[in-house]
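Heads up: the structure comes next, in structure tokens.
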Amino acid sequence: QVQLVESGGGLVQAGGSLRLSCAASGGAFSMYALGWFRQAPGKEREFIATICSSGARTYYADSVKGRFTISRDNAKNTVYLQMNSLKPEDTDVYYCAAGRMLTVLARSYGFWGQGTQVTVSS
């Protein structure tokens with residue numbers, strides 16, 4: 001079992017930056033692929049970014065490519081999402097997830113954090 005706890009969300013003006021962190025415990029963190037997703041009320045969970053277990057491979061949704069960067073520190077059992085040039089449409093609850101494979105599919109991730117709110121004002 002892996003427990004994930006996100007932090008770093010908040011309120012920021014359009015064009016600003018935030019860095020989300022997701023700390024893991026209770027499992028072999030370095031064995032898991034990690035992903036970031038976001039979800040608005042009443043909508044499906046949307047893929048943002050994913051990173052393989054070693055950190056060598058990453059993949060991004062087109063909507064965030066060039067603005068967001070996913071990274072991980074296996075020594076600290078933490079995955080990060082650096083978000084730059086934020087837009088009001090980036091407002092959502094952001095979730096990190098751990099899974100056995102590098103994928104954009106939310107259903108393939110077995111472990112999820114509780115989410116952190118990101119609000120971008122115009």
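Table for the structure above
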{"read-out": "Among (1) out of contact with any Lys or Arg (no Cβ under 7 Å at 6 or more places or on another chain); (2) at negative phi, the one test that GLY15 misses", "value": "(2)"}
{"read-out": "Some residue of the range 33-41 being of a type outside the set (S, T, N, Q), outside any strand (DSSP E or B) and farther than 23 Å from GLN13 by Cβ", "value": "no"}
{"read-out": "Any hit, the range 82-101, residues being more than 18 Å from GLN114 (Cα to Cα), among the aromatic types (Phe, Trp, Tyr) and out of contact with any helix residue (DSSP H, G or I) (no Cβ under 9 Å at 6 or more places or on another chain)", "value": "no"}
{"read-out": "Considering residues of the range 53-66 that are within 21 Å of GLY113 (Cα to Cα) and part of a loop (DSSP other than H, G, I, E, B) only, the residue most open to solvent (accessible area, probe 1.4 Å)", "value": "SER54"}
{"read-out": "Filter pass, ALA24 being at pLDDT 95 or above, within 20 Å of GLN1 (Cβ to Cβ) and open to solvent by less than 60 Å² (accessible area, probe 1.4 Å)", "value": "yes"}
{"read-out": "Selected residue [of a type in the set (Val, Ile, Thr), outside any loop (DSSP other than H, G, I, E, B), free of Cβ contacts under 8 Å to residues at least 24 places away in the same chain and buried (at least 16 other Cβ atoms within 10 Å of the Cβ)] from THR69, THR50", "value": "THR69"}
{"read-out": "Filter result for LYS87 (over 11 Å from the mean Cα position of the chain (by Cα), within 19 Å of LEU11 (Cβ to Cβ), modelled with pLDDT of 95 or more and open to solvent by 60 Å² or more (accessible area, probe 1.4 Å))", "value": "yes"}
{"read-out": "Subset of the range 94-107 that is farther than 19 Å from ALA56 by Cβ and either assigned to a loop (DSSP other than H, G, I, E, B) or free of Cβ contacts under 8 Å to residues at least 60 places away in the same chain (or both) - its residue that is nearest to the chain's Cα centre (by Cα)", "value": "LEU105"}
{"read-out": "Looking only at the range 108-122, and only at residues there that are open to solvent by less than 40 Å² (accessible area, probe 1.4 Å) and assigned to a loop (DSSP other than H, G, I, E, B), the one that is farthest from ALA56 (Cα to Cα)", "value": "GLY115"}
{"read-out": "Selection count where residues are of a type outside the set (Ser, Thr, Tyr), open to solvent by 20 Å² or more (accessible area, probe 1.4 Å) and in a strand (DSSP E or B), scope the range 72-84", "value": "3"}
{"read-out": "Tally, over the range 93-107, of residues that are open to solvent by 40 Å² or more (accessible area, probe 1.4 Å) and in contact with a Lys or Arg (Cβ under 9 Å, 6 or more places away or on another chain)", "value": "1"}
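The values are calculated or read from the model by the stated rules, or taken from the named source; none is laboratory data. Because the structure is predicted, anything quoted here is derived from the model rather than measured. When we count neighbours, we look across all protein chains shown, and the Cβ atoms used for this are built from the backbone with ideal geometry, even at glycine. Each accessible area value is taken on the protein alone, full model and side chains, heavy atoms only, with ligands, DNA and RNA left out. Shrake-Rupley method; radii C 1.70, N 1.55, O 1.52, S 1.80 Å.
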